[in-house]
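Comments concern the structure below.
The values are calculated or read from the model by the stated rules, or taken from the named source; none is laboratory data. What you are looking at is a predicted structure, and each value in this text was computed from that prediction instead of being measured. Cβ coordinates were reconstructed from backbone atoms using ideal geometry, including for glycine residues, and neighbour counts include every protein chain displayed.
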C-alpha cells in the first residue's frame, strides 16, 4: 500500500509540475506579446511627435497646406516602412483630423497646434 501511494503521489506531482510549467510559459508568452504591443504603440507616438514638431516649427510657412500633406505622407511612409501602420489607431486618427481641417481651409493653425499638443501628451 505504501509503494502504491508513493507512485500515486509522484504521478500527481509530475502532473502538477507540468501544469505549472505550461502556465508559466503561456504567461511569459502573453507578457512578451504585451511588451511588443506597448513598444509598437510608443514608437508610433514618438514618430508622430517628431513629425508634428516639424509642422509646429514651420507653422508660419506661406505654403502650409502643401507642407502638411508632405509631412503627413512622410509620417505614414515611416510607419509603413517599419511595419507599424495600423488603421483606426489614435495616432493615425489625429493626423487624419488635422488633414481634414487643412482640406476645409479653416483653422489650420489650430489643427496643427492640437495635433502637436496631443502628441506631447501621449509621448511622455
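Among residues of segment 75-89 being loosely packed, with under 13 Cβ neighbours inside 10 Å and touching a helix residue (DSSP H, G or I) at 6+ places or on another chain (Cβ under 8 Å), the one that is farthest from residue 118 (Cα to Cα) is 82.
Let's see how each residue does on (1) over 13 Å from residue 112 (Cα atoms); (2) without any contact (Cβ under 8 Å) to a residue 24 or more places away in the chain:
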position: 30; (1), (2): yes, yes
position: 36; (1), (2): yes, yes
position: 40; (1), (2): yes, no
position: 44; (1), (2): yes, no
position: 49; (1), (2): no, no
position: 54; (1), (2): no, yes
position: 59; (1), (2): no, no
position: 63; (1), (2): yes, yes
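Within segment 109-124, residues that are within 17 Å of residue 63 (Cα to Cα) reach partners that are part of a helix (DSSP H, G or I) with beta carbons closer than 7 Å, at six or more positions or on different chains, in the pairs 111/98; 111/101; 111/102; 112/55; 112/56; 112/98. Residues that are in contact with a helix residue (DSSP H, G or I) (Cβ under 9 Å, 6 or more places away or on another chain) and at pLDDT 90 or above do not occur anywhere in segment 19-33. Being out of contact with any helix residue (DSSP H, G or I) (no Cβ under 7 Å at 6 or more places or on another chain), part of a helix (DSSP H, G or I) and either crowded, with 17+ Cβ neighbours inside 10 Å or free of Cβ contacts under 8 Å to residues at least 40 places away in the same chain (or both) is a property that residue 71 lacks.
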